[in-house]
1. Can you tell me the length gained on complete extension of the stretch Ala469 to Lys88, counting 0.36 nm per residue apart and subtracting the Cα distance?
2. Between Thr77 and Tyr236, take the C-beta separation as r, use R0 = 22 Å, and let me know the FRET efficiency to the nearest 0.05.
3. Any idea what the relative contact order of the chain is, in percent, if you count C-alpha pairs under 8 Å spaced at least 6 apart?
4. Between the helical axis of 438-459 and the dominant principal axis of the chain, each derived from Cα atoms, what acute angle in degrees is found, rounded to the nearest 10?
5. Could you tell me the accessible area of Leu143 in Å² (1.4 Å probe, neighbours in place), rounded to the nearest ten?
6. Under 12 Å from a point 7 Å along the Cα-to-Cβ line of Asn491: which residues of region 296-331 have their amide N that close?
7. Under 1.5 on a/c is rounded, so check that first for region 2-106, then, if it is not, pick prolate when a/b is larger than b/c and oblate when it is not; a ≥ b ≥ c are the square roots of the alpha carbon gyration tensor eigenvalues.
8. Go through Met138, Trp168, Ala157 and say which Cα lies farthest out towards the positive end of the charge dipole of region 125-172; charges sit on Cβ, +1 for Lys and Arg, -1 for Asp and Glu.
Amino acid sequence: MHQGREVDTVIVGAGFSGLYMLHRLRQLGVSAVVFEAGKSVGGTWFWNRYPGARVDIESQEYCYSFSPELDREWKWTERYAAQPELLKYLNHVADRFDLRKDIHLETRVTAAHYDEDARRWRVTTDKGETIVCRFCVMATGCLSVPKADAELPGSEAFKGDSWHTGRWPEGGVDFTGKTVAVIGTGSSAIQAIPIIAAQADHVTVFQRTPNFSVPAHNGPIDPAVVADWEKNRDAYRKEARDTGFGIRYVSMGEQAAHEATPAEQKAAYEERWKYGGFALLGAYNDLILDRDANSTAAKFVHEKIHEIVKDPAVAAKLSPKTYPIGAKRICVDTGYYATFNRDNVSLVDLTEEPIERVTANGVKTGAKEYPVDAIVYAIGFDAMTGALDKIDITGRAGAKLKDAWSAGPKTYLGLMVAGFPNLFLVTGPGSPSVLCNMAVAIEQHVDWISDCIAWMGERQARAIEATEAAQDEWVAHVNEVADTTIYPYANSWYLGANVPGKPRVFMPYIGGFPVYRDKCNEVAARGYEGCTVAA
Ligand SMILES: Cc1cc2nc3c(=O)[nH]c(=O)nc-3n(C[C@H](O)[C@H](O)[C@H](O)COP(=O)(O)OP(=O)(O)OC[C@H]3O[C@@H](n4cnc5c(N)ncnc54)[C@H](O)[C@@H]3O)c2cc1C
């Protein structure tokens, strides 16, 4: 590539979002290139190769919907696709739509500067190239920057092997004969622990905060389900997009929990536990709004944990008590709680004995040292803002995005930022994003951005930018809606609470996918209300 080469659009990231963005722009005749730091397309499903990594939404629902041909060709093998199958799918999409020729792999975008006079972005990569473009689309991922294990003092001194689940080695890891520490009990750990435990000599799980987990009941996909989807795909997708979370089988019950007797509640939860996945949270329409209603579902899961885990003291430690169920995305597992019945698995509760440091030989808590051969860091991500924070982004008058967001991210609809014309975010903070089926959230954003770019083209408009007033109003609305729910009661990564020093702002939009989509459509129909457009 030449220094200063010009295209219409630069897309950063070649995951689910970047691939579809490129395809849509090509269809519009808008030239685009993609820069991707990884050595393959796939994003999340390229980086997170830890054992047990799989999607928490049924495969039929967690995929693109833009191409009937793709739907016909692709056959999922499991009810919840595992990482290798998801990565294969995204590679298939890259080939099927001939996307690779415009994707530059192993190329990290380090800076994006807006030149106000030229109304162009100058995007710089770690290869020393600068490319000039009108539009810059950040498809950089909500969960693409793993938290550094350096947060745990002494990690550099450890003599054994260690890995972050979000940067798993390509050939996999053989844990046979090893003693292993797993630090963290979020979604990745909950998926990985049962598999590591089946291989290793011993696994010690270091838990700071327990998570609510429900069974996936995964298995080969039922041919009857596939046939049904083939017949009704369009209707089912529409149904999914009309639910708050963009997931068809989590449509909310008609009833509030307090309208049901305890026996009815138990039966409703039991039925959904048997179905598996997020279905549990849809049993009643007030579970995410009302703490008393919510506690009926939490109590049900606590009872399940005590039924499954034989040692009552371990069951009690595994039962989340400090936040409502659903206030952190519930985990969907295969045999997680039962794994704690194995002789080779032990649980360390870090609220009783916090980690002091990682040593040359293992992990030292306030109580003792746990010598291990290997450490798995399942400590999560610098969510939603982490990837953008790593790029030096400057907008009008050289204003830095980092400074604009120093008190927490501010966006208009999670799609645009005041002061940063022609910059678009896919599933940015202030949009449903991580509270949603991300496949649904991503397609809606990419379609909206593409339509906006096409609209600009038709009018030969050169720059579009959210106004401060529209942005402030949206940010206030995002917070207002969050405050009517149970979500702010958890110290979660939705709030940035997992990263020391990160401002605490509820980042995703919890008003529900259909409400959000309709608002975005209205904004577009009114000529991008809340934005200034320069000719
Ligand atoms: C372990 C894990 C499990 C998940 N499970 C689910 C699930 O079950 N259901 C669900 O709905 N969602 C899930 N998610 C969320 C998931 O991230 C989304 O579903 C989806 O894959 C996001 O796609 P994306 O393209 O927006 O971002 P990503 O897939 O994260 O892709 C972003 C890409 O941008 C690249 N990038 C970032 N910064 C730069 C830069 N400066 N220069 C160049 N490249 C850059 C990254 O390398 C990455 O490849 C999960 C996330 C994780 C981490």
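1. 132.8 nm
2. 0.70
3. Over the chain, the number comes to 19 percent.
4. 10
5. Taking all protein chains as shown, Leu143 has close to 60 Å².
6. Answer for this model: 322-323.
7. oblate
8. After comparing all options, I get Met138.
The values are calculated or read from the model by the stated rules, or taken from the named source; none is laboratory data. Since we're looking at a predicted model, the values are computed, not measured. Counting neighbours? That spans all protein chains shown, and the Cβs are built from the backbone with ideal geometry, glycine included. For accessibility, only protein heavy atoms count, side chains too; no ligands or nucleic acids. Shrake-Rupley method; radii C 1.70, N 1.55, O 1.52, S 1.80 Å.
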